[in-house]
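Peer 1: First the structure, which I've put down as structure tokens, then a few questions once you've had a look.
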Amino acid sequence: MLGLFGGLSMLTLLAINLVYLIFGADVTSLADEALDFSAASIRGEIVSIEPTFLHAGDGSWLQAQYRFTDFTGRMREGRALLRQTHLEPGDDCWIEFLANDPATNRLRGTTRQIQAPLLDFVLRWVLLPGTLLFLFWLQGVIRLRSMLRSGPATLAKVESLRRYAWINPPQLRVDYSFLDHRSREHHAWHWIRRQSQLGRELYDHDLSMPAVVFDESRPSRSWLVGADSFSS
């Protein structure tokens, strides 16, 4: 569930970033803060103003495309999202940009970040934490695969076995103990899918001493394994 929620959060965040990139907007306020701090201004020209299908906050947005020449004489183009404007294609306008990075620019009076309180809330409190959870989950998966590939193995003793039928698919919680290569005892537990080969051996055939693989540098990190634990 952690990986699923985190993966969906990351994909949603990437999709929002892609949509914002198409319209020339930013998800974060970092560029706006940099422009607020030290922006150069220059005259530009409005190329077009088109309605968009983007709805964020109250109502829809317009996209204004503009062009300007930076201090090196290079022609630049940019886009801005705004609610309403009196500007028309061909009108002069003021452009704000970073002198050391002219690609970071905006139409004066607009922001690169769309101000949508609900979207900001979802990004800050759902999608970003979900993405961090996904990275945490992914790190655990990589670490587990490394441990299964090269970690030492021994036999564990099952101390308790509980079935949770209300979880779908049904899961078993297995509490166990084992001795590491220095004869130190460790206690651990984890979930095992009821219908897996190891789950059937534990629950249906009363397997009391399953194999366990552990991290030699940190034996408290371990995992009960069966024949199907190593299949690709």
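Peer 1: In nm, to one decimal, how far is the ASN168 label point from the PHE5 one, both placed 7 Å along Cα→Cβ?
Peer 2: Between ASN168 and PHE5, the label points sit 1.8 nm apart.
Peer 1: Let me ask something additional. Find the all-direction average of the projected area of the Cα convex hull for the chain, expressing the result in square nanometres with one decimal place.
Peer 2: If I average the Cα hull's projected area over directions, I get 19.0 nm².
Peer 1: Looking at VAL126, LEU87, PRO152, which one has the Cα that reaches farthest to the positive end of the dipole of the range 76-181 (charges on Cβ: Lys, Arg +1; Asp, Glu -1)?
Peer 2: Among VAL126, LEU87, PRO152, the one farthest towards the positive end of the dipole of the range 76-181 is PRO152.
Peer 1: Take the chain, connect every pair of alpha-carbon atoms lying under 10 Å apart with a spring to form a Gaussian network, then pick out the residue of GLY199, GLY73, GLY24 with the largest mean-square fluctuation.
Peer 2: Top of the fluctuation ranking is GLY73.
Peer 1: Could you give the alpha-carbon Rg of the range 106-179 over 2.2 N^0.38 Å, rounded to two decimals?
Peer 2: Ratio of Rg to 2.2 N^0.38 Å for the range 106-179: 1.99.
Peer 1: Also, quick follow-up: Starting from the exponent 0.38 and prefactor 2.2 Å, build the expected Rg for the range 152-230 from its residue count and divide its actual Cα Rg by it.
Peer 2: In units of the 2.2 N^0.38 Å rule of thumb, it is 1.06.
Peer 1: Using 14 Å as the cut-off for backbone N distance, which residues of the range 174-194 belong to the label zone defined by a point 7 Å from the Cα of LEU148 along Cα→Cβ?
Peer 2: Hits in the range 174-194 for LEU148 at 14 Å: 191-193.
Peer 1: Hey, another quick one. What dipole magnitude, in Debye to the nearest 20, does the chain give about its Cα centre under +1 on Lys/Arg Cβ and -1 on Asp/Glu Cβ?
Peer 2: Working: 24 positive and 25 negative charges, 194 e Å.
Charge dipole of the chain: 920 debye, to the nearest 20.
Peer 1: Just from the alpha-carbon atoms, what are the Rg and Dmax of the range 29-112 in angstroms?
Peer 2: 12.7, 39
Peer 1: Continuing with the same structure: Mean separation of Cα pairs under 8 Å and 6+ residues apart, divided by the residue count of the chain: what relative contact order is that in percent?
Peer 2: Taking the mean separation of contacting Cα pairs over the length of the chain, I get 17 percent.
Any read-out appearing in this document is the output of simple, stated calculations on the displayed coordinates, not a laboratory observation. Everything quoted here is computed from the prediction, not taken from an experiment. All Cβ positions, even for glycine, are placed from backbone atoms using ideal geometry, and neighbour counts span all protein chains on display.
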